[in-house]
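Engineer: First the structure, which I've put down as structure tokens, then a few questions once you've had a look.
What follows is calculated from the coordinates using simple rules that are stated; it is not laboratory data. What you are looking at is a predicted structure, and each value in this text was computed from that prediction instead of being measured. Cβ coordinates were reconstructed from backbone atoms using ideal geometry, including for glycine residues, and neighbour counts include every protein chain displayed.
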Amino acid sequence: MAKRDYYQVLDLPRTASEVDIKKAYRRLAMKFHPDRNPGDHEAEGKFKEAKEAYEVLSDAQKRAAYDQFGHAGVDGMRGGSGGGGGQGFDPRDAFGDIFGDVFGDIFGAGRRGRSPVYRGAALRYELELDLEQAVFGDTAKIEFTTLAECEECTGTGSAKGSKPTSCETCRGAGQVRMQQGFFTVQQTCPRCQGRGQVVTDPCGECRGQGRLRKQKTLSVKVPPGVDTGDRIRLSGEGEVGRNGGPTGDLYVEVRVREHPIFERDGSHLSCEVPVSFARLALGGSLEVPTLDGSASIKVPPETQSGRVFRLREKGIKPVRGGPTGDLFCRVVAETPVKLTREQKDLLQKFEQSLQEDASRHHPREESWLDGVKRFFTSLGD
């Protein structure tokens with residue numbers, strides 16, 4: 001009897017996606033599974049047919065060969081459960097594949113033969129930097145505790161002269177399968193905890209774990225322009241893996257300390273510059289600090305307190321590229337303190353001279369006072 005087209009078996013168009021193929025297979029498997037249809041040979045045949053179609057169409061290489069050459073292109077590529085009802089067919093194994101492929105993302109179960117090898121955990125380290133270190137880059141030494149391979153047993157967990165034995169419960173697979181009706185659930189082996197091996201004679205140094213906590217020192221190269229929250233990834237510097245698995249990574253998270261002079265806003269810097277009211281009134285040249293030295297700004301006469309001066313490209317070059325930021329200097333009038341009697345007398349005479357023509361010398365103050373007067377007058381009306 002000629003085989004039916006695999007797309008017809010799953011009732012799908014040839015443009016069907018991988019998700020559509022899985023859904024169609026799950027629907028047919030649930031409908032025709034032998035546990036739901038005991039003694040029904042027709043249902044068992046349809047179940048085998050659906051499984052065969054799914055095995056081909058769910059594999060990108062097999063599907064491409066089938067699309068080009070039909071059944072002839074994949075007859076030699078399939079396993080022992082071929083279309084003629086191959087030997088050793090077990091519907092429980094077939095349905096187990098549904099859980100491995102279709103429900104794997106939901107239940108966390110993988111296919112049979114899953115390797116009991118585990119990647120080491122990633123570590124996080126918070127690195128505090130001064131603003132100058134963050135802006136210009138630096139090399140920092142860090143110390144942290146990690147799980148490293150036990151040198152005594154070279155990570156096997158067994159004492160010298162002995163080796164771990166294969167777990168009898170899972171037969172070295174690290175996982176066991178449980179049958180619940182027509183459902184097959186795969187879970188971590190309770191005896192070996194997924195390792196696939198059991199340590200019968202544990203190492204005295206690591207007590208059979210194969211790993212030990214150790215202090216580690218590294219030099220971290222900090223690129224210029226980093227900011228708080230940026231992370232530097234050091235591959236392979238985390239915890240060592242289990243059963244020969246790869247080592248995890250170390251993530252160094254940057255935190256920039258507050259600076260006594262500058263405040264940072266992305267690539268820009270800002271600072272507050274105290275200036276005497278005499279210099280603001282008369283104007284002149286003012287020297288302000290920058291991260292790489294100092295710069296001079298020209299303060300025009302009659303400058304008001306709070307005015308901001310912008311120094312272009314005196315900020316920070318971003319670590320991810322882009323234009324260099326600017327430096328914003330805000331001048332603030334500083335009120336003199338601890339005055340002598342002579343200085344107080346001079347200031348009083350100066351204030352009296354200003355009051356003779358207040359609207360000219362204090363235009364903002366006079367304007368504000370006029371506004372207050374108008375406000376209270378309107379309340380009286």
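Engineer: Viscosity 1.567 mPa s, temperature 4 °C: give me the Stokes-Einstein translational D for segment 192-307 in µm²/s, with Rh taken as the Kirkwood radius over C-alpha pairs.
Structural biologist: On the way: Rh = 20.3 Å.
Translational diffusion coefficient: 64 µm²/s.
Engineer: Does a label point 7 Å from the Cα of ASP201, set along Cα-to-beta-carbon, have any residues of segment 151-176 with amide nitrogen under 19 Å, and which are they?
Structural biologist: The answer is 151-168, whose backbone nitrogens lie closer than 19 Å to the label point.
Engineer: Continuing with the same structure: Starting from segment 141-182, pick out the GluC sites (Glu not before Pro) whose DSSP state is loop and whose Cβ has at most 11 other Cβ atoms within 10 Å.
Structural biologist: GLU151, GLU168
Engineer: Can you tell me how much longer the chain between TYR251 and GLU42 gets when fully stretched, taken as 0.36 nm per residue apart minus their C-alpha distance, in nm with one decimal?
Structural biologist: 69.5 nm
Engineer: While we're on this one: Holding the Cα-Cα limit at 32 Å, pick out from LYS160/LYS214; LYS3/LYS31; LYS221/LYS314; LYS298/LYS338; LYS51/LYS163; LYS163/LYS216 the pairs that are longer than that.
Structural biologist: With Cα atoms farther than 32 Å apart: LYS51/LYS163.
Engineer: Taking K and R as +1 and D and E as -1, what net charge do the other residues with C-beta under 13 Å from the C-beta of GLU126 add up to?
Structural biologist: Spelling it out: positives minus negatives among the neighbours equals 0.
Engineer: Return the long-range amide H neighbours of LEU127 (sequence gap of 5 or more, or a different chain), with a cut-off of under 5 Å between placed amide H atoms.
Structural biologist: Here the answer is GLU253, VAL254, ARG255, since their amide H atoms fall under 5 Å of that of LEU127.
Engineer: Also, I was wondering about something else. Quick check: net charge around ASP249, other residues with Cβ under 13 Å of its Cβ, Lys/Arg +1 and Asp/Glu -1?
Structural biologist: In short, +1.
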